[in-house]
Amino acid sequence: MNGIKILTVLRKELTAGLRHRAASASMLMFALTALACMSLALGGSPLEPNVLAALLWIVIFFASTVGLDRIFEDEAASGTLTTLKVYADAQSILFGKMIYALISLSALSTFLLPTFIVLFDCPVAEPPVMLLTIVFGLIGLSGAGTLVAALSTAASVKSGLFSILLFPIVLPIFLPAINLTSAAMAGGEISLTMLIPMLLFDAILLVASSILFDYIWN
Amino acid sequence: MRIVLEGVRLAFGRAVLFDGLTATFESGRTTAIVGANGAGKSTLLKLAGQFLEPDAGSIKAFDGDRELLHAELRRRTAALAPTMNLYDRLTATENLRFFAGLRDVTVDDLDGLFARVGLTAEDEKKLVVEYSTGMKQRLKFAIVLAVGADLWLLDEPGANLDEAGRSMMLKEIARAVGERKLVLLATNDPSEEAAADDLIRL
């Protein structure tokens, strides 16, 4: 693995992504539509923190599937994947694209989270726990999303495959993420050590992605 | 560098493309692979670069007596093929720097490199989407030159090029062979075939 090559991939992704904002626009539009629908349907009725936390992560999950499944699919459709396979090593591509996915999801969450808090009158008793939970959740989602995007691009039948494969992989991240987000909203007995399982699963996911991606790429 | 194919068999379903193919490719030589459409010219290039595994037989690359690992061979390979596209939303310079950067190569004399393949300083700043097919082919060739690979896999390199472009390509191939690079050409162009040191007819 080479940090400069990862940065080279990341710079390319950012440049191309900023010039053609289809993926980020799709994610943003999905998040906006989902938030608007839920907000209008609830009409200001108060919700329990556990329901709010689950809603937040459902929106993040499905918004991410709208954008992340294009990570390799766009390259395959435009014929650049073949060129990449000649010149790039697997690990630089994996981590370059993964960091780009994390940046995209972080940008989405920067918009999504305050909008969610305002629209649902959501209490945040423990902001640091809330933020760290979101960050660790997004790391896991980016790692799994990048790997699954590569897998689904190699498949001959792609429709729906990305979401189907992604969900069971990110479930061990999502369950503690929903619980911690709910606890961060409600306050009470909560400690940063509760984030350790999420952090561990992120680490396992990144290592497993790194090992598996060599087989997919070559 | 030396690439040795021994008893290679490759089939797609019931269609057997190669059976018992044996060949050796050496540095400092150009080998042209010619044959009808569908004969397996591009596939043979992929096999030689280890982008494709044979069903049977072996394909090995050597540097002297030392066998090169798959990753080592990949790092020392450059390729040009009709199926290899560039990023339309990046400029020519951004494309070139990106692919060179993936090989840890910094291109200092960008103008000189573009001039070698017949592209102007103005072309450097254009988005690739604005390029003609021939200009894209020249840019792909500029990337091959930039990365300084030892093995060149060129699939129909003269495709979409004008007379000056084809002449430039042949001159650069001759220069690369002089620098002890191993060049494999999949072609149906008589001038490229004539310029090669060895010929494989499929």
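The values are calculated or read from the model by the stated rules, or taken from the named source; none is laboratory data. Not measured: the values here are computed from a predicted model. Note that each Cβ is placed from the backbone with ideal geometry, even for glycine, and that neighbours are counted across all protein chains shown. With ligands, DNA and RNA removed, areas are computed over all heavy atoms of the protein, side chains included. Shrake-Rupley method; radii C 1.70, N 1.55, O 1.52, S 1.80 Å.
If I filter segment A:179-195 for residues that are within 21 Å of A:L68 (Cβ to Cβ) and open to solvent by 10 Å² or more (accessible area, probe 1.4 Å), do I get at least one hit? No, there is no match, as no residue in segment A:179-195 is within 21 Å of A:L68 (Cβ to Cβ) and open to solvent by 10 Å² or more (accessible area, probe 1.4 Å). Scanning segment B:51-94 for residues that are open to solvent by less than 40 Å² (accessible area, probe 1.4 Å), in a helix (DSSP H, G or I) and among the aliphatic types (A, V, I, L, M) yields a total of 2. Quick check, is A:L113 assigned to a helix (DSSP H, G or I) and open to solvent by less than 10 Å² (accessible area, probe 1.4 Å)? The answer is no for A:L113. Scanning segment B:135-152 for residues that are open to solvent by 10 Å² or more (accessible area, probe 1.4 Å) and either outside any helix (DSSP H, G or I) or of a type in the set (G, A, S) (or both) yields B:A146, B:G148, B:D150.
In segment A:54-109, the residue that is surrounded by the most Cβ atoms within 10 Å (Cβ to Cβ) out of those that are of a type in the set (D, E) and not in a helix (DSSP H, G or I) is A:D69. When segment A:116-133 is filtered for residues that are in contact (Cβ under 8 Å) with a residue 60 or more places away in the chain, farther than 13 Å from A:L32 by Cα and either surrounded by 14 or more Cβ atoms within 10 Å (Cβ to Cβ) or touching a Gly at 6+ places or on another chain (Cβ under 9 Å) (or both), the ones remaining, listed by number, are A:F120, A:D121, A:C122, A:P123, A:V124, A:A125, A:E126, A:V129, A:L132, A:T133. Pairing each residue of segment A:1-15 that is more than 9 Å from every other protein chain (Cβ to nearest Cβ) and farther than 21 Å from B:A71 by Cβ with any residue that is of a type in the set (A, V, I, L, M, F, W, C) and open to solvent by less than 40 Å² (accessible area, probe 1.4 Å), provided the two are 6+ apart or on different chains, yields no C-beta distance under 7 Å. The residues of segment A:1-42 that are within 23 Å of B:V129 (Cα to Cα) and modelled with pLDDT of 90 or more, listed by number, are A:T8, A:V9, A:L10, A:R11, A:K12, A:E13, A:L14, A:T15, A:A16. Scanning segment A:16-53 for residues that are crowded, with 16+ Cβ neighbours inside 10 Å and within 11 Å of another protein chain (Cβ to nearest Cβ) returns A:A16, A:G17.
Taking the criterion of being assigned to a helix (DSSP H, G or I), farther than 22 Å from B:A164 by Cβ and of a type outside the set (D, E, K, R), the residues of segment B:96-122 that qualify are B:F98, B:F99, B:A100, B:G101.
Looking across segment B:6-23, the residues that are loosely packed, with under 13 Cβ neighbours inside 10 Å and in contact (Cβ under 8 Å) with a residue 12 or more places away in the chain come down to B:G20, B:T22.
With respect to (1) open to solvent by 40 Å² or more (accessible area, probe 1.4 Å); (2) within 23 Å of A:I103 (Cβ to Cβ); (3) within 19 Å of the chain's Cα centre (by Cα); (4) of a type outside the set (G, A, S), the lone exception for A:F162 is condition (1). Applying a threshold of 6 Å to beta carbon distances and a minimum spacing of six or more residues, or different chains, the list of pairs starting in segment B:24-36 at a residue that is within 18 Å of B:P157 (Cβ to Cβ) and of a type in the set (A, V, I, L, M) and ending at one that is at pLDDT below 95 and in a loop (DSSP other than H, G, I, E, B) reads B:A32/B:T187; B:A32/B:A196.
Do the conditions hold for B:A48, that is, is it within 14 Å of chain A (Cβ to nearest Cβ) and aliphatic (A, V, I, L, M)? When the stated conditions are applied, B:A48 passes them.
When restricted to residues that are in contact with a helix residue (DSSP H, G or I) (Cβ under 9 Å, 6 or more places away or on another chain), away from chain B (no Cβ under 14 Å) and β-branched (V, I, T), segment A:89-116 contains 3.
In the set B:L52, B:L96, only one residue is free of Cβ contacts under 8 Å to residues at least 60 places away in the same chain and closer than 30 Å to B:L202 by Cα; that residue is B:L52.
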